[in-house]
Amino acid sequence: MSILLNNHGYENDSWYQALSQTLPNQTIIRYDQVSDIEKVRDQIRYAVIWNHPTKDLQYYPNLKGILLLGAGTEHLENDSTLPEVPIVRLIDPEVLKDMGLYSLYWVMNHQRLYDCYRQQQRNTHWQRHDICQSQDYQVTVLGLGAVGIEVAQVLIRNGFNAKGWDASPRAIADLETYHGKQQLADALTDADTVVNCLPLNKGTQSFIDAELLGLFKHSTQLVNISRGAIIDDDALLYALDSDQLDRAILDVFAVEPLDQQSRYWEHPKVTVTPHMSGATYARSSAKLIAANILRIENAEKPFPLYQKRVDNH
Ligand code: GLV
C-alpha cells in the first residue's frame, strides 16, 4: 500500500519523516520527488494533501481516503472532481491549544495595556493606569468550529467574558451564543476584542467589511486567526485610520507571505504575525493521520470528516 504526500505550500521533509516513522510499513510517495507519477497512480491508497493541484485527486483509481494536512477546507471547494472517498480534516488538539493561547495573549495584551507600558518604558515614564477587569472585559468569537470553541473556552477559563457567534445556531455548554446576520449586532456591539475563527468559503469572503466593522466600538481590537480573505483589507485599514477601531492583530492574509508593499507591515495599529498562531506539528499530526488511515482500513469512521458545505457559511 502506498501513501501519496502531496503537500503544496509548506516544506515536505518533516512531513515525510514523520509519516515514514509513524507508518513504517507503508511506502510514502512524495509528489514533489516522484519521477513519473503516472506509473504509481494505481498503487496509491491514501492521499495526504495540502493545497493539492485542483482535479488531480480523481486520477488515483484505488484511492480509499484523503487526509488533509490542515483544518481549513477552502481549497477543496474549488475542486469539483473530488473522488467519493472519506476526506478527513486535521484538527490537532496541540494546535488548538496554541491558537487558544495566542488569542489569550493578545486579549491580555489589550486588557492590561501592555503596549502602553512598553511605550512608557521607552520614554522612561512611570505611570499606572486603571484597567477594565477581566470579568468585565468582553470577547466575541466569530465562528464556533473547533478553533472558535477552544478560543472561547480558554478565555472563559482565564476569567474573561466570551460569547460566540456562528452563521447557524450552536448550543455549546457554558457559552452564550448568537447566530445569523440578525444577531450579529448583539454579538458585536459590546466586544472589547473580536477573534475571527470563521472558515473561509463563498459566504465568508470579505465578511468583515465596512458595515460589520461599523458595529464595533472604537476601543475594539480585532484578532484574525482563520483566513485573511475573510477581511476586506481596504475597509479594515480605513477603520483603523479613522479610529473606528483600536487595533488589529493579523496572523493570516489573503495572500501569504504578506506582500512587502502591504500597509499592514508599517501600520502603527497593526501587529503582523506570519500565520503561526496554530502551525501544525508534523509529529503529532502524523499520529492523527495514521490513526485515521487505520480506521478506514478497519471499516470504521475516520474523523473529523469534511462535509461539503450546503449553507452560506
Ligand atoms: C491552517 O491554517 C489550517 O487550516 O490548518
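Of Leu240, Leu198, Leu258, all but one fail to be touching a residue at least 12 places away in the same chain (Cβ under 8 Å), farther than 27 Å from Ile149 by Cβ, in contact with a strand residue (DSSP E or B) (Cβ under 7 Å, 6 or more places away or on another chain) and within 16 Å of the ligand (Cβ to nearest atom); the exception is Leu258. Applying the criterion of being among the charged types (D, E, K, R) and within 16 Å of the chain's Cα centre (by Cα) to the residues of the stretch 78-95, the residue that is farthest from Asn7 (Cα to Cα) is Glu94.
Just so you know, in the stretch 277-311 the residues that are among the hydroxyl-bearing types (Ser, Thr, Tyr) and either under 17 Å from the mean Cα position of the chain (by Cα) or more than 16 Å from the ligand (Cβ to nearest atom) (or both) include one that is farthest from Leu23 (Cα to Cα), and it is Ser277.
Asn12 passes every criterion in (1) in contact (Cβ under 8 Å) with a residue 40 or more places away in the chain; (2) of a type in the set (S, T, N, Q); (3) surrounded by 14 or more Cβ atoms within 10 Å (Cβ to Cβ) apart from (1). The helices (runs of 4 or more DSSP H) found entirely in the stretch 22-122 that carry 3 or more residues being at pLDDT below 95 and surrounded by 15 or more Cβ atoms within 10 Å (Cβ to Cβ) are 74-77. Taken together, the residues in the stretch 248-297 that are buried (at least 16 other Cβ atoms within 10 Å of the Cβ) and touching a His at 6+ places or on another chain (Cβ under 7 Å) amount to 2. Take Asp209 and tell me if it is at positive phi and surrounded by fewer than 18 Cβ atoms within 10 Å (Cβ to Cβ). It is false that Asp209 is at positive phi and surrounded by fewer than 18 Cβ atoms within 10 Å (Cβ to Cβ). I'd like the full set of residues that are in a loop (DSSP other than H, G, I, E, B) and either within 16 Å of the ligand (Cβ to nearest atom) or within 16 Å of the chain's Cα centre (by Cα) (or both), limited to the stretch 261-276. Residues satisfying the conditions are Thr273, Pro274, His275, Met276.
The values are calculated or read from the model by the stated rules, or taken from the named source; none is laboratory data. Every value quoted in this text rests on a predicted model; they were computed, and no experiment measured them. A quick note on method: Cβ atoms are made from the backbone with ideal geometry, for glycine too, and the neighbour counts reach across all protein chains shown.
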